[in-house]
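*Asks:* Sharing a structure below in structure tokens format, with a few things to ask.
The values are calculated or read from the model by the stated rules, or taken from the named source; none is laboratory data. Model, not experiment: these values are computed from the prediction. All Cβ positions, glycine included, derive from the backbone under ideal geometry; neighbour counts span all protein chains shown.
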Amino acid sequence: MKFSLSIDLSRGNPSVDIREVAKNTMELVQMADAGGFEIVWAAEHHAIEMTIAPNPFQLLAWFGGNTDNIRLGVAVVQAPYWHPIKVAGEAGLLDLMSGGRLELGLGRGAYQREFNRMAGGMDQHKGVAYMQEMLPVLKHLWAGDYAHDGEFWQFPASTACPKPLQKPHPPLWVAARHPSTYDWALQEGCNIMSWALTRPFNEVEKYKQQFEEALERAPGVERPRFLTMRHSAVYADAEEGWRPFTDAMKTSGRQFESLFKELGEIKNGFAEMPDESTFDNSDEYDPQMLKANLMFGTPDEVIKKLRAYEALGVDNFLYRCCTGLAMKHQRESLRLFIEEVMPAFEGSRYVPMAAE
């Protein structure tokens, strides 16, 4: 089992200096690179301060220029907001500039609020069809001249400029939750990304079971990789160390629910904080539930939790930094993970191949 880092620029209020956010974010990425993390992942979101990543390719180019080995993951290109020729070219350019380190994820989009601004108010669930049309088009564009006449995009013969260094293309990933998405992703040769939010471990087990069932329905398909993400926090103080992390998760969770379910306003990029009593899933943000369900704990506790993921057959565990947490806690958590947790998992440190 390898380890990855999920991180974006993020700030919870306008008093925080964005230059410090950028500096601190880079420090964590460089720690992950030196510590043997396999991939750093950046998201795509628009007009919200909680996740500042309007172009993940640009953010990852910055990460790549300041690291040596860690691979650069887009998690994910939100297909309805892009043209395939632009995605193919951006991906090729980042792969070239990074020496072949790109991992490319594709998704349908997350927040209806973004669709209202980026896609003319389209229902976010219709984004699946855009993702499914885009992926094969990208493969064609990376291979050479290709003309397309589809439902959402039409263009004369074109190709990606530049083309990726990795052949035939960078590793592809799809964010999957519904069984039909697993089936489609496997047929397209994609690896699987999953996220159980703040729910118990059995939610991770459900996604892994869907993955295995999709493989059974796809005889002859090469087995892809299965990645799952969890908010993660390692601390030395078993009694009180978890409190800053769960407090930060409760705050960012209220913002996430507000964005995801359109429960409140966004003012100058900052989400209002709706009352937890308005959530139909408020128990998912109970501090004790967060501590139990997420990758929170002392090094020994986290190792024990991760053993279950390893036994389940997770290929890559994605360490998600807790949004809104003070930098000193972020830094110490990642340090403990690298120095005291990762050594317990043989072969977990990423060593790039000579060709990369």
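*Asks:* Does residue 96 qualify as being at pLDDT 95 or above, within 26 Å of residue 182 (Cβ to Cβ) and not acidic (Asp, Glu)?
*Replies:* So residue 96 fails the test.
*Asks:* Another question about this same structure. Take residue 132 and tell me if it is among the polar types (S, T, N, Q), in contact (Cβ under 8 Å) with a residue 40 or more places away in the chain and either surrounded by 23 or more Cβ atoms within 10 Å (Cβ to Cβ) or assigned to a helix (DSSP H, G or I) (or both).
*Replies:* Yes; evaluated as a whole, the condition is true for this residue.
*Asks:* In the list 248, 214, which residue meets the criterion of being out of contact with any helix residue (DSSP H, G or I) (no Cβ under 6 Å at 6 or more places or on another chain), of a type in the set (A, V, I, L, M) and crowded, with 22+ Cβ neighbours inside 10 Å?
*Replies:* None of the others qualify; the one that does is 248.
*Asks:* Mind checking which residues of region 199-211 are in contact (Cβ under 8 Å) with a residue 60 or more places away in the chain and either in a helix (DSSP H, G or I) or within 18 Å of the chain's Cα centre (by Cα) (or both)?
*Replies:* 199, 201, 204, 205, 208
*Asks:* Let me ask something else about it. Looking only at residues that are aromatic (Phe, Trp, Tyr), part of a helix (DSSP H, G or I) and under 22 Å from residue 302 (Cβ atoms) in region 242-287, which one is modelled with the lowest pLDDT?
*Replies:* If we take residues in region 242-287 being aromatic (Phe, Trp, Tyr), part of a helix (DSSP H, G or I) and under 22 Å from residue 302 (Cβ atoms), then 285 is modelled with the lowest pLDDT.
*Asks:* Residue 338 fails exactly one of the following numbered conditions: (1) closer than 25 Å to residue 215 by Cβ; (2) part of a helix (DSSP H, G or I); (3) touching a Gly at 6+ places or on another chain (Cβ under 6 Å). What is the number of that condition?
*Replies:* (1)
*Asks:* Looking at region 78-113, which of the residues that are assigned to a loop (DSSP other than H, G, I, E, B) and farther than 23 Å from residue 125 by Cα is farthest from the chain's Cα centre (by Cα)?
*Replies:* Selected residue: 99.
*Asks:* Is at least one residue of region 311-324 in contact (Cβ under 8 Å) with a residue 40 or more places away in the chain, over 20 Å from residue 2 (Cα atoms) and surrounded by fewer than 22 Cβ atoms within 10 Å (Cβ to Cβ)?
*Replies:* Checked against the condition, which is being in contact (Cβ under 8 Å) with a residue 40 or more places away in the chain, over 20 Å from residue 2 (Cα atoms) and surrounded by fewer than 22 Cβ atoms within 10 Å (Cβ to Cβ), region 311-324 yields at least one hit.
*Asks:* Can you work out which of the residues in region 165-190 that are closer than 29 Å to residue 255 by Cα and not hydroxyl-bearing (Ser, Thr, Tyr) is surrounded by the fewest Cβ atoms within 10 Å (Cβ to Cβ)?
*Replies:* If we take residues in region 165-190 being closer than 29 Å to residue 255 by Cα and not hydroxyl-bearing (Ser, Thr, Tyr), then 178 is surrounded by the fewest Cβ atoms within 10 Å (Cβ to Cβ).
*Asks:* Could you count how many residues in region 52-104 are in contact (Cβ under 8 Å) with a residue 60 or more places away in the chain, within 26 Å of residue 350 (Cβ to Cβ) and of a type outside the set (A, V, I, L, M)?
*Replies:* Number satisfying all stated conditions: 9.
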